[in-house]
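The values are calculated or read from the model by the stated rules, or taken from the named source; none is laboratory data. Small disclaimer: the values here were computed from a predicted structure and weren't measured. Cβ atoms come from the backbone with ideal geometry, glycine included; neighbour counts cover every protein chain shown.
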Amino acid sequence: MARPAQRRPDPRRKGGSRRPQRERSNDADNVGLLPLLAQAVREVERAVQRGTATASTRTAFQVVALLVREERSRVKTESMPEARRTEQLKRLDGIATILATTAARDPSLFTLLADDAVVSPAANRLRREMLVAAGREVEEEPEPEPDAAPASTTERQVRPQSVVSRQLANPFLTPDFSAAAPSRPRTGRLANWELIEPLLRSFERGGPASSMDLPTPTTLNTLDGRELMPHQAQLIASAAEGHRTFLLADEPGLGKTAQALLAAQAADAYPLLVVAPNVVKINWAREAGLWTPRRTTTVIHGDGTTIDGFADIVVVNYEVLDRHIGWLGEHGFRGMVVDEAHFIKNRKSQRSQHALELSERIRARTMRPLLMALTGTPLINDIEDFRAIWQFLGWIDDRKPLPELMGALEDTGLSPGEPGFYAAARKCVVDMGIVRRRKIDVAADIPARRVADIPVELDDETGRSIREAERVLARRMVARYDNALEHRSAGKTVDGIDRELVRLVAKWEREEDTNETGNVFGMMRRIGLAKAGLAADYTAQLARSVGKVVFFAKHLDVMDVAEETFAKRGLRYATIRGDQTSTQRQRDIDAFVNDPEVAVIVCSLTAAGVGVNLQVASNVVLAELSWTDAEQTQAIDRVHRIGQAEPVTAWRIIGAQTIDAKVAELIDSKAALAATALDGVAADEQASADVQLEALVALLTEALEEREG
């Protein structure tokens, strides 16, 4: 069934009431809280209409909404004449109507009304200021506990045996202060200023480029001879020269993972801790093997029973960080990377607290560790989110800039009340290590079109059943091979594995008409479905970072899972399926191309692989593999076509440790067939059959080699 572009559901509004508060002034039309709310909501409305809404506008919107709720509850419960109550409720309804129409213009404002919406410190301060201005009695703001520890779930803490072995082998892990920088004297000129809010606002006001100056690299080659792109080599050169904190906000597709790994190598920041979303955890290990092959890498799964405690690079996903927070803080890391750093934006969340705790413990042991926050999120959106990232990097604490940033601000000679402060403050923060490049800015450095593989771990029950199905298929082919070998006519002997017979058995398996779910076709479909949620999660991250994304899949059930995921994430999407009418199809294409709120288009490889122009996007996610390079190329060419202004990246989601990875390798090895395949169906079918056969050959050969070895 055709699925039109989805709209965000109506937000749920928090209920509840607060203790009635007594106004000191009367409730005349122009006195008290209601006039302040009316004025504030009009300012928000005008800013949204002009398209100039900033983080301060969003804060004001949220505060007005909160106060309208509180005031409505007060008016309904407090004793007053009925006519007066009716009049005040009517005025509150008017303010609420303006809020609703404003949010309709900018649907992102709806998230500020959700039950789990975070009320920022700036919002709390504005709320208090408005209540005081209205003559209300405001309760004293409680002082935060400076030494409050993160709420770790200690009952779930684990300590893998290999980690214990490393600690026993290195019982005296002493702090490293060898790279200590001289402390900067503080004049105290800015000591009494509240500086965090002005620093954040300096990014709202625009100004110079949001990227620090980087040195010119002396080489574009790694120690192991791999070639770097110039923009990558610049950041690595900066780490080699001694810079140690980076907010690396390059757009996806510019190699942030490689830059982080090579920066750690340049800074000798080992052991290195990498915290990443589960969907890219395996990719970090793969990239480490490519870019820093001389360093050992281990990945923490679950309780970490299989990790190497002596590895140079330790990769862990956010979801299991709580189990390992204890030993990670004692491991002696000299560097830490948080990937998709916007995951820690909510400082009240457990994963944010764990990341901040680890950063603080690493900084306590190593004076100048390498700390890197990686995110593709543009710097001008959600400025408040950068509080946690700056705190992770050691630029600020929860109240003020730390000495290095404070020293830079002191050196400007300016204070927040003076002209020029905001531009100077912005540059001070940028020079601490903000690096932001767009694909269009470095287009000369990167290919016009490239395919990047993202291996994902299928570690749930479905993944385990898929791997078991592969073993069953391999055992079935091994039995066929043994039976054929036993009954083969005498006179022919082959040392080791009979490669000719292997191909023959694989051909029998491919051509046998069976309804078993364990055949290669059913297995690839199951893998596609198992990857669907992870592929959709990655797509949602891309959409947040770079805008519109094209999502391709082969099977309808994979498309269904993706669409359900996008709906839960509040992402509007369009879709192209084979069962759509031409009118429905064009309507969804137009929605994706023309409506800025439609972030993703979910496409069938067969229905949207040709004849569709989607070049409004420059990022493609291939959730399932094709059997041919030609089909994959046709999908990418929906975006990579004449008129495309940016380099195109296709992100291919691969099921790690499954036949999916073998099929990806085979498709790439047979890419030369694509040109022939585009000339006719017969060639395309032959290429498809070749890949299917070679996948079975590889599976059988591997099983026989394991038995022989």
Residue list for segment 112-137, restricted to those being modelled with pLDDT under 80, hydrophobic (A, V, I, L, M, F, W, C) and in contact with an Asp or Glu (Cβ under 9 Å, 6 or more places away or on another chain): Val118, Ala122
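Listed residues Gly417, Gly433; which is at positive phi and at pLDDT 80 or above?
Values: Gly417 fails: at positive phi.
Exactly one of Gly417, Gly433 is at positive phi and at pLDDT 80 or above, namely Gly433.
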Single condition Asp250 does not satisfy, out of (1) in contact with a strand residue (DSSP E or B) (Cβ under 8 Å, 6 or more places away or on another chain); (2) surrounded by fewer than 20 Cβ atoms within 10 Å (Cβ to Cβ); (3) within 19 Å of Leu393 (Cα to Cα); (4) of a type in the set (D, E, K, R): (2)
Residue match in segment 262-282 (condition: among the aromatic types (Phe, Trp, Tyr) and either at pLDDT below 90 or outside the structural domain of Leu405 (by TED's automatic domain parsing) (or both)): no
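Could you look through segment 264-301, keep only residues that are small (Gly, Ala, Ser) and free of Cβ contacts under 8 Å to residues at least 40 places away in the same chain, and pick out the one that is surrounded by the fewest Cβ atoms within 10 Å (Cβ to Cβ)? Step through it out loud before you land on a result.
Pass one, segment 264-301, residues small (Gly, Ala, Ser): 264, 266-267, 269, 276, 285, 288-289.
If we keep only those that are free of Cβ contacts under 8 Å to residues at least 40 places away in the same chain as well, we get 266, 285, 288-289.
Numbers: Ala266: 20, Ala285: 17, Ala288: 26, Gly289: 14.
Of everything passing the filter in segment 264-301, Gly289 is surrounded by the fewest Cβ atoms within 10 Å (Cβ to Cβ).
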Matching entry among Thr305, Thr292 (being more than 17 Å from the chain's Cα centre (by Cα) and within 23 Å of Pro252 (Cα to Cα)): Thr292
Filtered residues of segment 355-408 (kept if under 26 Å from Leu542 (Cα atoms), modelled with pLDDT under 90 and of a type in the set (A, V, I, L, M)): Leu379, Ile380, Ile383
Residues that are touching a residue at least 12 places away in the same chain (Cβ under 8 Å) and out of contact with any Pro (no Cβ under 7 Å at 6 or more places or on another chain), drawn from segment 401-410: Pro401, Pro403, Glu404, Leu405, Met406, Gly407, Ala408, Glu410
Yes/no for Trp651 being part of a loop (DSSP other than H, G, I, E, B), of a type outside the set (D, E, K, R), under 27 Å from Val520 (Cβ atoms) and touching a helix residue (DSSP H, G or I) at 6+ places or on another chain (Cβ under 9 Å): no
